[in-house]
Structures are given as C-alpha cells and as structure tokens.
Amino acid sequence: MAKQPISLEQIQHLHPLQRLNASAHKQLQSAAEQIAARTGNIIFKKRDNLSPCVSYLLKGQVELRHSFADRKPLRDCDELAHQPLEELVGIGASIRALEDCVVVRFERDLIDKLRSKSSNLGENYSVVNIEEGVDYLSDTLIDDDYQEDWTLQLLDSPLARNLKPIALHRLMALLERLPVKKGDRLVQQGSRADYFYILISGEAVLNTDPNGPFKGQSIAMHEGSHFGEEALLGETLRNATVSMTSDGVMGRLNREQFLEVFSDSLLPTLPEAQFSRRLKQAEGPCVLLDVRFREELRNDTRSHVLNIPISRLRSVLPQLDRATTYLLPYQSDQRSELATCILRQHGFTAYLQQAPSPVQASE
C-alpha cells in the first residue's frame, strides 16, 4: 500500500490527540511513523504490558481478536478507528490485517511531553514494511517474549479460516483435552482413523508415508497444528505417524463432532434442484467432478464429467481453474466428502450434492 503522509486534519480527529494545540499537531505529523502490513500479517501480538506507542488504523481493514471466538473487523472509515488500537483490544489481545493496510503510531512519551509543552521534535517520517514471514519489527508495538495462542494459529489455517462464531463455540465446547508426554505416539501409520487432532501445547513431529503424497517428509508441529481430518472424512487408514517431541496437551474430536463443527465450512451441500441448476451454469462456470476410479465409470452415461481419482486430486490441484465451481456428486462412500474438503482447504469453490432422503432412495 502506497505511503501517504498523515494530514493535520486526520490527526485532529484522533482521540486523545484532538485535545492538543495546533503546534503539537504539527510536531506529531513530523514524528509519525507508519507501518504497512500485508493481508494476514499480525500487527499486534498478545502481550502482558502496556505498549510504548499509541497507534491508529490509517488505511485498510484489520481484525480485533480478543479470544478464539471473540473477533470483529475494524475498517479505517469506522468511527472506532479514531481510537487507539491499544485501547480497542487491551492487554492480552491481538490485531491481524484482513487486507493490505497501514497503521500510524506515535511514541507515548512524545504525546506526554507535548501535553506538558516541553518537547522539541525532529522531522523524520518513515514507512516500515512487514515482509512475508516476519512476525514483527525490532522496534515493534509489542514485546519480544510473545508466544502465540494455539487458537490464533488454528484460525489462520485454511481449515478454520471460514468458521462461523457458532462453530467456534461448538469447537471449544466439544474439544476433548488430553495431557501428553514426550515420546507419546498419538497416531500410528496404518491404523484406523478415529479422531481429528489439534496440538494445544507442546511440539510434535509428523512422519509421512514414503509412498504417500508427501513422500516420507517429516513435518514439525507446534501449537495450533492440526491433523487427521482427511483420514477421518474418508474413513481410511492413517498415512502418517505423529509423535510428541515434548510434553504438552492434545485436543481431539471424533468424526461426529468434527462434522458438527466443520461441515458448514468444509462440506457445504446443495439440494438436488440447486445442484442441477448449478450444473447448467446458471450461476457461473461449473464442472461436475467425479473422484471415483476410471474403472468405476465404465457404465456412466453422463456427459461433461471431469474424472480425477481421489488418490490423484491433491497432485493436480495446481492445474485446476480457481474461477470454476466444482460440484461433487453424492456417493455412498466418503470420497466426494473428502474431495470437497481438500478443494475448499486449498481455496477452491466446491459443493457436495445433498444425500437423497430415505424416501427418495427407496423410490
């Protein structure tokens, strides 16, 4: 986002800066510092002390995150944007950029000095960009000892990004928490899928199947990491082993609980009439995607069906068109469910055909 110096008029609308005189406003304009943040960057991290700066949202939109389920957006045109961000979230909360944005900040000591009319500032004005992968600046708004809450990590994942507040509350209510020790094996490759897991505290390592999609890769897991949803949805055997590398706490949901929390965001369904209407491309380009094996489609008389076996779906994702809606037909097994989940976690628009009612199925 392009640098645009803050105007005197903007400063005069900020609380409590509007109480200062015109001379103080000019000094603040000269000493203001802007921070440009990309979408997804965390501007404030959870802290336990008072920030040395007073900051305001100058451009864009951010998310004020008080807790796992208590989150609300703030846009630069909102009246609340005239209030210091530190006061809006308080101690123990965080702020995340929902789009490219700019935050302007002033040193708290400087404001105090201007109040007592004893300051003589220079005229430096700078913009600092938060680069990809950098959590915060060396002279950041918050302290360096911060360790992010597992809920924030989870909510930043594709799995939970679109969860509604009611689903977040259900997750917190249903999640079973289990203490685990270093060396504990949480999941064994080749075993039946029984739970979806979230690492609440501690660290673990996920060792993948050499013959699977991740080719034997070892993946370090930290607070907020999750695993097991695909095997749970597909009711398949585990393709990886997960072991704790430290003491910690593991959260888990069984299949029924997982579906209760995540089905609306990961497995949205369409009734037959709406499914058929979508196929006629009445609402944009759509493709019927069948993830069964080719041998199973020998007697299929449907036309214009894209066939990608579920075992190959992940590897061909880069070739799929993100402007297209993918419609997954109902099947008696769970492969269409799993495919819908995979597609939506990777940012595609996908819907599952609603299962027929018992009356329809018997006709």
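The values are calculated or read from the model by the stated rules, or taken from the named source; none is laboratory data. Treat the numbers as computed from the prediction; the structure is a model and nothing was measured. Every residue, glycine among them, receives a Cβ derived from its backbone with ideal geometry; neighbour counts consider all protein chains shown. Keep in mind that these areas ignore ligands, DNA and RNA; they rest on the heavy atoms of the full protein, side chains included. Shrake-Rupley method; radii C 1.70, N 1.55, O 1.52, S 1.80 Å.
Give me the net charge for the shell around Gln189: Cβ to Cβ below 13 angstrom, other residues only, Lys and Arg +1, Asp and Glu -1.
On the way: positive: Arg185, Arg192, Arg238; negative: Asp209.
Residues close to Gln189 contribute a combined charge of +2.
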* Asked: Label Gln334 and Asp194 with points 7 Å out from Cα along Cα→Cβ: what is the distance between them in nm?
  -> 1.4
* Compute from the Cα atoms of the range 268-339 the Rg and the Dmax, the latter being the longest Cα-Cα distance, and quote both in angstrom. => 12.2, 32
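Out of every Cα-Cα pair in the range 192-275, what percent are more than 16 Å apart?
Working: 2077 of 3486 pairs.
The calculated P(r) of the range 192-275 puts 60 percent of pairs beyond 16 Å.
Order the following by accessible area, largest value first: Ser315, Ser276. Probe radius 1.4 Å; ligands, DNA and RNA are ignored. Each step should come with its number before you reach the end.
Numbers: Ser315 80, Ser276 40 Å².
Listed by decreasing accessible area, they come as Ser315, Ser276.
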* Decide, for the range 188-234, between rounded, prolate and oblate: order the square roots of the alpha carbon gyration tensor eigenvalues as a ≥ b ≥ c, take rounded if a/c falls under 1.5, and otherwise choose prolate if a/b is larger than b/c, else oblate. => oblate
* Structure fact -> Rounded to the angstrom and largest first, Cα extents along the principal axes for the range 224-363 equal 54, 38, 31
* To do: Would you list which lysines come within 29 Å of Lys45, measuring only between C-alpha atoms, while excluding same-chain residues fewer than 8 positions from it?
  => Lys3, Lys59, Lys72, Lys113, Lys164, Lys181, Lys182
* Asked: For Lys182, what accessible area in Å² do you get when you roll a 1.4 Å probe over the heavy atoms of the protein chains, rounding to the nearest 10?
  -> 140
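Please work out the Kirkwood hydrodynamic radius for the range 140-292, using every pair of different C-alpha atoms, and report it in angstroms with one decimal place.
On the way: mean 1/r = 0.0573 Å⁻¹.
In the range 140-292 this quantity evaluates to 17.5 Å.
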